[in-house]
Amino acid sequence: MCLAIPGQIVEIAQKEPLARVNVGGVTRNVNIGLLDDGAVAPGDWILIHVGFALSKIDEGQAHDQLRMLRAMGEDGLAIEEVRGYSFAEPSR
Amino acid sequence: MKYVDEFRDAGIISGVAREIVRAADPSRLYRIMEVCGGHTHAIYRHGLRDVLPANIELVHGPGCPVCVLPTGRVDDGLAIAARENVILTCFGDMMRVPGTKGTPLELKARGADIRMVYSPLDALRIAASNPEKHVCFFAIGFETTAPSTALTILRAQELGVTNFSVFCNHVTIVPAMRAILDSPDMRIDGFVGPGHVSSITGCRPYEFIARDYGKPVVVSGFEPLDILESILLILRQLDAGEASVENQYKRIVPWEGNPPALMALARVFELRPYFEWRGLGFISQSALGLKPDFAGFDAEKLFNVPGVRVTDPRGAQCGEVLKGVLKPPQCKLFGTECNPEHPVGALMVSSEGACAAYYRYAMHASAVEA
């Protein structure tokens, strides 16, 4: 439930508070409206929960978090969740 | 030990475990509550109880959103799904939580339009692409999740989406901790504080626990080493006769929390006068409802939900397990009528629930040892 998934920002959207994020090779848009304006830039790492960036983290923390998810057997769930974010993807 | 050994820092872990043994006074019993269900899951998965001395008892707390949701609220949500032209959306965890007439998944199989989403924003998108239907999001979760619902409601307002609503079941962790501290049958010596919730709320909301109740609170990360370190910090406070709030999870949790998220919460939600928690009963000011400004998005107002109260299934002792009075296997239904394939109570549904965690890891471990 409180899965916090590390991802790396690829691109920041111009108009909406959205960032294109890479999570283990899957890229999706996530909402960055819970972070301060201008808090993140491409290349930065964030923790993602239900489609929203919860906090900015550093690369080491991102690896720690990924290791934790793997150890908990939840890395598959995390990827499944990110793959499921469809709110800002083009219609199929 | 088997799970712990998989960690690269197994050596450090046994070091901390030894320090815990040294710090624990063998003549007393320590009851430490891990508040968050994520910690409960980690404790069982990594077999952490096996590295702790016998006089440290870990009590599983109420921090599992589906576990504390009373059956009446599940029924209320499913009553919304039974309306014509309504699509009910919810997170995956929720799909298998039993209501009186079945789980959301079972009602879906019987024809209700219930869809699993990974984000409240996905529910909003379903609303935007189905203008002839009403889309309701069954919102659950603590402070980690509530800001996302708040921003989704603000976004719906901004976009002028009128066929979208939220059935709000967001709860706040601190009043539940206070209820536990005030309960006569729960003697807790210290708390392993929630990690991701605290990344939103910060550590200040726990200060009254140290100040007024004299109990240590250590906000903790989720790796085995984090949890053991947090337990050690609690023991050290107890042995020094001190009580304070410490932050073991500084790498993720700022002391002041996440101000933009707290602002979003304050904008959209207000505290309900009271809310029912499974096992803990009614707790005052423990849950969030939509402010009157957002009444147009409030499913409780739009659908006049029945507001039913339902007792736990006969024989199931979810309440006692949730309060830490009983251990999961002490419940009469544990492992027999109630199992992860056919959960009778919500604690058997989520991996964060004490019963599901115990069933998956502790039973398996004892079977292997035997």
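Where a number appears in this text, it was derived from the coordinates with a stated rule and is not lab data. This one's a predicted model, so the numbers in the text were calculated from it and none came from an experiment. In this analysis, Cβ positions are derived from the backbone assuming ideal geometry, glycine residues included, and neighbour counts consider all displayed protein chains.
About its Cα centre, how strong a charge dipole does the range B:214-266 have in debye, to the nearest 20, once Lys and Arg get +1 and Asp and Glu get -1 at the Cβ?
Here the size comes out at about 100 debye.
Measuring nothing but how far apart in sequence close Cα pairs (under 8 Å, 6+ apart) lie, relative to its length, chain B scores a relative contact order of 22 percent. Calculation over all alpha carbon pairs of the range B:61-166 in 5 angstrom steps from 0 returns a P(r) of 2, 13, 24, 24, 20, 12, 4, 1, 0 percent. For B:VAL308, the residues whose amide H sits under 5 Å from its own are B:ASP76, ignoring neighbours fewer than 5 places away on the same chain, with H placed 1.01 Å from N.
Please compute the net charge surrounding B:LEU159, taking Lys and Arg as +1 and Asp and Glu as -1 over other residues with Cβ under 12 Å from its Cβ.
Result for the neighbourhood of B:LEU159: 0.
Taken residue by residue and averaged, Cβ atoms of other chains lying within 10 Å of the Cβ of A:60-71 number 3. When cysteine pairs in chain B are screened for C-beta atoms closer than 4.7 angstrom, the residues that find no partner are B:CYS36, B:CYS90, B:CYS136, B:CYS168, B:CYS203, B:CYS318, B:CYS331, B:CYS338, B:CYS355.
For the range B:171-177, putting each phi into the Karplus relation 6.51 cos²θ - 1.76 cosθ + 1.60 with θ = phi - 60° gives couplings of 10, 10, 6, 4, x, 5, 5 Hz, in residue order, rounded to whole numbers and with x for Gly and Pro. For the protein assembly as shown, pairs of C-alpha atoms spaced more than 40 angstrom apart make up 15 percent of the total. Using Cα springs under 10 Å in a Gaussian network model of chain B, which residue among B:PHE294, B:PHE191, B:PHE334 shows the largest mean-square fluctuation? Of B:PHE294, B:PHE191, B:PHE334, the most mobile in the Gaussian network model is B:PHE294. All Cα-Cα separations within the range B:231-365 were binned at 5 Å from zero, giving a P(r) of 2, 8, 11, 12, 11, 16, 17, 14, 7, 2, 0, each value a whole percent of the pairs. Working note: Debye formula, equal point scatterers on the alpha-carbon atoms of the range B:183-269, no solvent; log10 I(q)/I(0) at q = 0.11, 0.13, 0.26 Å⁻¹ is -0.32, -0.44, -1.22. Each peptide in B:77-90, B:134-147 was scored by the mean count of other Cβ atoms within 10 Å over its residues; highest first, the order is B:134-147, B:77-90. Neighbour counts of C-beta atoms inside 10 Å place B:ARG45, B:ARG31, B:ARG187 in the sequence B:ARG187, B:ARG31, B:ARG45, starting with the fewest. About its Cα centre, the dipole of chain A is roughly 260 debye, where the only charges are +1 on Lys and Arg Cβ and -1 on Asp and Glu Cβ.
Taking the mean number of other Cβ atoms within 10 Å as a proxy for protection, how do you rank B:230-240, B:116-126 from highest to lowest?
Highest to lowest by the protection proxy: B:116-126, B:230-240.
Note on B:113-123: average number of Cβ atoms from other chains within 10 Å of each residue's Cβ is 5. For the range B:135-286, the alpha carbon convex hull comes to 128 Å³ per residue, rounded to a whole number. For the segment A:76-83, counting C-beta atoms of other chains within 10 Å of every residue's C-beta and taking the mean gives 1. Principal semi-axes of the equivalent ellipsoid, √(5λ) from the alpha carbon gyration tensor of chain B, are 36, 23, 18 Å from largest down. Considering every alpha-carbon pair of the range B:166-222, the percent of pairs per 10 Å bin, from zero through the bin containing the longest distance, is 21, 52, 22, 4.
Measuring max minus min along each principal axis, the C-alpha atoms of chain A give extents of 38, 32, 22 Å (largest first). Pairwise alpha-carbon distances in the range B:260-321 exceed 18 Å for 52% of all pairs.
Relative contact order for the range B:197-253: 44 percent, from Cα pairs under 8 Å spaced at least 6 residues apart, divided by residue count. Return the calculated 222 nm mean residue ellipticity for chain B, to the nearest 500 deg cm²/dmol, obtained by summing -39500 (n - 2.57) across DSSP H runs with n ≥ 4 and dividing by the residue count. Using -39500 (n - 2.57) per qualifying helix, the result is -10500 deg cm²/dmol. Between amide H atoms placed 1.01 Å from N, distances below 5 Å from A:PHE52 occur with A:ASN31, all of them 5 or more places distant or on a separate chain.
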